Amino acid sequence: MLETRSLELLTDALRRLDEGFTGLPAFQADIPGDQRMGAVLAEVAERLHDNFPYFHPLYAGQMLKPPHPVARAAYALATWVNPNNHALDGGRASSALEKEAVALIATMFGWHTHLGHLTSSGTIANLEALWVAGKLHPGKTILASEMAHYTHERISGVLQLPFEKVPADAQGHMDMAALEARLAAGDVGTVVVTMGTTGFGAVDPLPAVLRLKEKYGFRLHADAAYGGYFGLATNLGPEAADAFVHLGEVDSIVIDPHKHGLQPYGCGCVLFDDPAVGALYRHDSPYTYFSSAELHLGEISLECSRAGASAVALWATMRLLPLWPGGEFAQGLEASRRAALAFAQRLGEDDRWEVLCEPELDIVCWAPKSKPELSQAIFDEAARMDLHLALIQVHGRLWLRSVLMKPEHEGWLEDILIRLDRAYVLAAARHF
Ligand SMILES: *Cc1c(COP(=O)(O)O)cnc(C)c1O
């Protein structure tokens, strides 16, 4: 069931990589434990059985998406060199690939003179964005919706910046009247908009926030960790589509290639519209240093050692599947979105279910109508039938939740619905 064709391609690519070093005197590294490696790897494989089958379309739970085989192979290939993108000394080629990869992501947002780099996660990427925001507006309050990722509140604590939550509407959007009321009260330095909340996939009304930015003048950060690539999809609803059209007008953006960008874990990205913020990372470096081609990524990153392999994998994936509207990558996102819309529609047509809200991206939240106590039992019964869902506590009750982020989910909807139906019947019978 697991994809293995990329192993042959990896072997070929390794041979090609080796050719680059044939000028050196022959050398084979000592491998301690060489004879026992096979046994240990077999044991590892056994231990890894204790996972949910994240790669399979019947895994329709949390925000987990398999990496593309080219990303996996490119990542592995790079580990034979094991570059460190902290500095050019540690990762020359992979630093160049990182800059190219990040520039391609920036282009998706319409940015051509950005500053940005990869991070080990969306959390660290958001930390950098809020750290910069705090440097520019010291001591001022950071606002995010109550449906924003909890990391913003925790990061603000780490940075010792005041943080406040703005109420959200029933669909999970930041409430604009509440935001304006708070802005009018003063002392707000930064507003965080979420371009696809982790809970429901709700897209904050960015155009309205931008109008408030003109009036009140705050720094605007977009957390697009999960949703950032959806600007490429042509089948969003009008409000979400309009928000993505304006994404390039914010001051900083976080996007996680390890969420929807087909990358293995360890790949977040932070981008700043104004490259001058690079000066904040090192006070003794002149601005011109940051726009020079000889930039060491460690000079604009709070993290020091970082996997060059992540940059290699991301670059390879975008080389294969460019971030073009209408391209294969965009089509994958559109399929996920169609799956979510179709799933929500089918649930809505069945009077046993209540759908929390119309999905804006590819997340669906629903619950057994008038029987909220059944959610947990349905979740358990579904898992027994290999259908893995997620749960979310919101509006004072427990809802079922599916992130339909694999394009294959669309073709598996009937199967998912059949299992869900059986899970409902069994759960209801047990609770009778
Ligand atoms: C996942 C996520 C984060 C955190 O990113 P990690 O890569 O898990 O550290 C932040 N914000 C949003 C909106 C997310 O979906």
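The values are calculated or read from the model by the stated rules, or taken from the named source; none is laboratory data. Predicted, not measured: the structure shown is a model, and the values here were computed from it. Note: ideal-geometry Cβ built from the backbone for every residue, glycine included; neighbour counts use all protein chains shown. Please note that ligands, DNA and RNA were not included when accessible areas were found on the heavy atoms of the full protein model with its side chains. Shrake-Rupley method; radii C 1.70, N 1.55, O 1.52, S 1.80 Å.
I'm trying to understand the selection: among the residues of segment 245-274, which are within 12 Å of the ligand (Cβ to nearest atom) and of a type in the set (Ser, Thr, Tyr)? Result: Tyr265, single match. Checked against (1) surrounded by fewer than 21 Cβ atoms within 10 Å (Cβ to Cβ); (2) in contact with a Ser or Thr (Cβ under 6 Å, 6 or more places away or on another chain); (3) among the charged types (D, E, K, R), Lys215 meets all criteria but (2).
Residues that are within 16 Å of the ligand (Cβ to nearest atom) number at least 1 in the following helices (runs of 4 or more DSSP H) confined to segment 117-224: 122-136, 151-159, 206-216.
The set of residues in segment 251-271 that are crowded, with 24+ Cβ neighbours inside 10 Å and more than 21 Å from Ala313 (Cβ to Cβ) contains only Ser252. Pairs meeting the criteria (first residue in segment 256-275 and assigned by TED's automatic domain parsing to the domain that holds His114 and among the polar types (S, T, N, Q), second residue open to solvent by less than 10 Å² (accessible area, probe 1.4 Å) and not in a helix (DSSP H, G or I), beta carbons under 6 Å, at least 6 apart or on different chains) are Gln263/Pro257.
The residues on offer are Glu349, Glu360, and the sole one that is among the charged types (D, E, K, R), more than 21 Å from the chain's Cα centre (by Cα) and not assigned by TED's automatic domain parsing to the domain that holds Gly231 is Glu349. When you scan segment 121-130, do you find a residue that is open to solvent by less than 50 Å² (accessible area, probe 1.4 Å), out of contact with any Pro (no Cβ under 8 Å at 6 or more places or on another chain) and over 30 Å from Ala178 (Cα atoms), even just one? Checked against the condition, which is being open to solvent by less than 50 Å² (accessible area, probe 1.4 Å), out of contact with any Pro (no Cβ under 8 Å at 6 or more places or on another chain) and over 30 Å from Ala178 (Cα atoms), segment 121-130 yields at least one hit. Among the residues of segment 70-82, is there at least one that is under 18 Å from the mean Cα position of the chain (by Cα) and of a type in the set (Gly, Ala, Ser)? Scanning segment 70-82, I find at least one residue that is under 18 Å from the mean Cα position of the chain (by Cα) and of a type in the set (Gly, Ala, Ser), so the answer is yes. Tell me yes or no: at least one residue of segment 60-74 is in the same structural domain as Leu302 (by TED's automatic domain parsing), in contact with a strand residue (DSSP E or B) (Cβ under 9 Å, 6 or more places away or on another chain) and open to solvent by 20 Å² or more (accessible area, probe 1.4 Å). Scanning segment 60-74 turns up no residue that is in the same structural domain as Leu302 (by TED's automatic domain parsing), in contact with a strand residue (DSSP E or B) (Cβ under 9 Å, 6 or more places away or on another chain) and open to solvent by 20 Å² or more (accessible area, probe 1.4 Å).
Considering only segment 195-211, state which residues are over 15 Å from Ser252 (Cα atoms), among the aliphatic types (A, V, I, L, M) and buried (at least 21 other Cβ atoms within 10 Å of the Cβ). It would help to see each step written out before you state the result.
Of all residues in segment 195-211, those over 15 Å from Ser252 (Cα atoms) come to 196-205, 207-208, 211.
Filter again for among the aliphatic types (A, V, I, L, M), leaving 202-203, 208.
Those that are over 15 Å from Ser252 (Cα atoms), among the aliphatic types (A, V, I, L, M) and buried (at least 21 other Cβ atoms within 10 Å of the Cβ): Ala202, Val203.
For segment 176-194, a residue qualifies if it is surrounded by fewer than 17 Cβ atoms within 10 Å (Cβ to Cβ) and free of Cβ contacts under 8 Å to residues at least 24 places away in the same chain, and the qualifying residues are Ala177, Ala181, Ala185, Gly186. Would it be correct to say that Ala240 is of a type in the set (A, V, I, L, M) and open to solvent by 10 Å² or more (accessible area, probe 1.4 Å)? So Ala240 fails the test.
Quick check on this structure: which one of Glu303, Glu294 is at negative phi, modelled with pLDDT of 90 or more and surrounded by fewer than 21 Cβ atoms within 10 Å (Cβ to Cβ)?
Values: Glu294 fails: modelled with pLDDT of 90 or more.
On inspection, the qualifying residue turns out to be Glu303.
Of all residues in segment 28-59, exactly one satisfies the criterion of being under 30 Å from Ile416 (Cβ atoms) and either among the polar types (S, T, N, Q) or in the same structural domain as Asp380 (by TED's automatic domain parsing) (or both), namely Asn51. Taken over segment 184-194, the residue count meeting the criterion of being on the phi < 0 side of the Ramachandran plot and in contact with a strand residue (DSSP E or B) (Cβ under 8 Å, 6 or more places away or on another chain) is 7. Entry remark, segment 423-432: residues being surrounded by fewer than 16 Cβ atoms within 10 Å (Cβ to Cβ) and assigned to a helix (DSSP H, G or I) number 4 in total. Leu97 meets all of the listed conditions (1) within 15 Å of the ligand (Cβ to nearest atom); (2) in a helix (DSSP H, G or I) but one, namely (1). Of the residues screened, Ile378 is one that is outside the structural domain of Tyr226 (by TED's automatic domain parsing) and either free of Cβ contacts under 8 Å to residues at least 60 places away in the same chain or touching a Cys at 6+ places or on another chain (Cβ under 6 Å) (or both).
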